[in-house]
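Take a look at the structure below.
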Amino acid sequence: MENTDIVYFFMRWLHYFFGIIWIGHLYYFNFTQVPFFGETDATTKSNAIQKLVPRALWWFRWGAMFTFITGLIMLSIWGSRVGGDAMKTSFGLFIMVGATLGTLMFLNVWLIIWPCQKVVIESTTNAAQGKPALPNAAAKGAAAFLASRTNTLFSLPMLFFMGAASHLPMPVATNGDYTTALGAALVVIALLEANAIKGKMGPMASVKGVIHMGVVLTVVLFAIVWFTA
């Protein structure tokens with residue numbers, strides 16, 4: 001056994017651990033907290049935003065950070081082993097689709113969700129202390145919500161493709177590699193990420209809607225890579 005095998009195993013173990021923390025909190029926010037905030041009274045919501053949300057966001061964003069770092073190390077080890085043959089295997093195709101989705105989710109956490117939520121928390125705290133609320137808090141909250149819903153959307157195909165890499169072999173690529181299939185999938189993913197940055201919520205507004213859209217996206221991406229390979 002090579003030293004890189006040991007490192008790879010421990011990175012995979014930690015990747016699972018931090019991934020559970022990250023995605024678990026993502027689902028908590030979207031499936032539990034958002035509906036609760038929509039039904040509870042203003043005082044309870046204010047207290048939760050000031051005291052509960054910051055704690056949950058801490059685990060959420062750092063879970064995302066270390067999931068990304070451990071995944072990057074694993075990709076680096078795998079890439080050094082396969083070299084230029086990375087896209088000649090279905091493992092390479094599936095893992096790159098999953099890694100792309102995961103990377104965008106990570107970036108959404110640190111570049112959109114967390115900065116926007118900081119504004120919401122500060123504004124809520126100001127209001128609770130009798131100070132003026134921040135004028136951009138509502139817009140920032142909406143932006144964070146859209147990015148969070150997009151991450152929930154992305155999470156379903158991300159988990160599917162990560163699992164498929166080792167457990168769902170593809171037919172042999174027509175042109176000798178899967179670069180075309182990867183490129184086709186990335187176009188769809190890029191369009192959805194553009195919507196996450198500045199777009200519309202659409203069917204993702206409801207919990208049922210975002211789950212259904214996640215399943216549809218998984219099927220669409222799988223069909224794209226399967227039939228363009």
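Going residue by residue through segment 112-125, is there one that turns out to be in contact with a Gly (Cβ under 8 Å, 6 or more places away or on another chain) and closer than 30 Å to Ala229 by Cβ?
No, there is no match, as no residue in segment 112-125 is in contact with a Gly (Cβ under 8 Å, 6 or more places away or on another chain) and closer than 30 Å to Ala229 by Cβ.
Looking at Ala190, Ala184, Ala194, which is the one that is in contact (Cβ under 8 Å) with a residue 24 or more places away in the chain and out of contact with any Leu (no Cβ under 6 Å at 6 or more places or on another chain)? So that I can check it myself, show each step before the final result.
Working: Ala190 fails: in contact (Cβ under 8 Å) with a residue 24 or more places away in the chain; Ala194 fails: in contact (Cβ under 8 Å) with a residue 24 or more places away in the chain.
Criteria check complete, one pass: Ala184.
Output the residues belonging to segment 1-35 that are over 16 Å from Leu72 (Cβ atoms) and small (Gly, Ala, Ser).
Gly24, the sole residue that qualifies.
Restricting attention to segment 1-55, report how many residues are surrounded by 12 or more Cβ atoms within 10 Å (Cβ to Cβ), small (Gly, Ala, Ser) and over 19 Å from the mean Cα position of the chain (by Cα).
Summing the residues that are surrounded by 12 or more Cβ atoms within 10 Å (Cβ to Cβ), small (Gly, Ala, Ser) and over 19 Å from the mean Cα position of the chain (by Cα) in segment 1-55 gives 2.
Only residues that are charged (D, E, K, R) and more than 25 Å from Phe160 (Cβ to Cβ): list them for segment 1-52, please.
Listed by number, the residues that qualify are Glu2, Asp5, Glu39, Asp41, Lys45, Lys51.
Just to confirm my filter: which helices (runs of 4 or more DSSP H) fall fully inside segment 4-112 and include at least 3 residues that are closer than 26 Å to Ala133 by Cα?
The qualifying helices (runs of 4 or more DSSP H) are 34-39, 42-47, 53-82.
In segment 56-77, what residues are closer than 30 Å to Thr174 by Cα and in contact (Cβ under 8 Å) with a residue 40 or more places away in the chain?
Our first condition is that a residue be closer than 30 Å to Thr174 by Cα; within segment 56-77, this holds for 71-72, 74-77.
Result: Gly71, Met74, Ile77.
Looking only at segment 81-88, decide whether some residue is farther than 21 Å from Ala143 by Cβ, at pLDDT below 95 and touching a Ser or Thr at 6+ places or on another chain (Cβ under 7 Å).
So far as segment 81-88 goes, yes, one or more of its residues are farther than 21 Å from Ala143 by Cβ, at pLDDT below 95 and touching a Ser or Thr at 6+ places or on another chain (Cβ under 7 Å).
Among the residues of segment 171-178, is there at least one that is touching a residue at least 12 places away in the same chain (Cβ under 8 Å) and assigned to a helix (DSSP H, G or I)?
no
Test of understanding: among Lys88, Lys118, which residue is more than 18 Å from the chain's Cα centre (by Cα) and closer than 19 Å to Ala144 by Cβ? Let's see the steps before the verdict.
Numbers: Lys88 fails: closer than 19 Å to Ala144 by Cβ.
Result: Lys118 is the single residue among Lys88, Lys118 that is more than 18 Å from the chain's Cα centre (by Cα) and closer than 19 Å to Ala144 by Cβ.
Could you please tell me which pairs satisfy a Cβ distance under 7 Å, a separation of 6+ or placement on different chains, a first residue in segment 202-229 that is more than 18 Å from Met87 (Cα to Cα) and surrounded by 14 or more Cβ atoms within 10 Å (Cβ to Cβ), and a second residue that is of a type in the set (D, E, K, R) and at pLDDT 95 or above?
That search, which allows pairs on different chains as well, returns Met204/Arg149; Val210/Arg149.
Could you tell me which of the residues Leu186, Leu134, Leu221, Leu153 is within 30 Å of Val53 (Cα to Cα), at pLDDT 95 or above and part of a helix (DSSP H, G or I)?
Leu153
Filter segment 200-218 for residues that are outside any helix (DSSP H, G or I) and under 17 Å from Pro35 (Cβ atoms); which is farthest from the chain's Cα centre (by Cα)?
Selected residue: Ser206.
Pick from segment 150-190 the residues that are among the polar types (S, T, N, Q) and closer than 26 Å to Tyr16 by Cα: which of them is surrounded by the most Cβ atoms within 10 Å (Cβ to Cβ)?
Applying the filter and picking the extreme gives Asn151.
The values are calculated or read from the model by the stated rules, or taken from the named source; none is laboratory data. Please read these numbers as outputs of a predicted model, since none were measured by experiment. With ideal geometry, Cβ positions are generated from the backbone for all residues, glycine too; neighbour counts draw on all protein chains shown.
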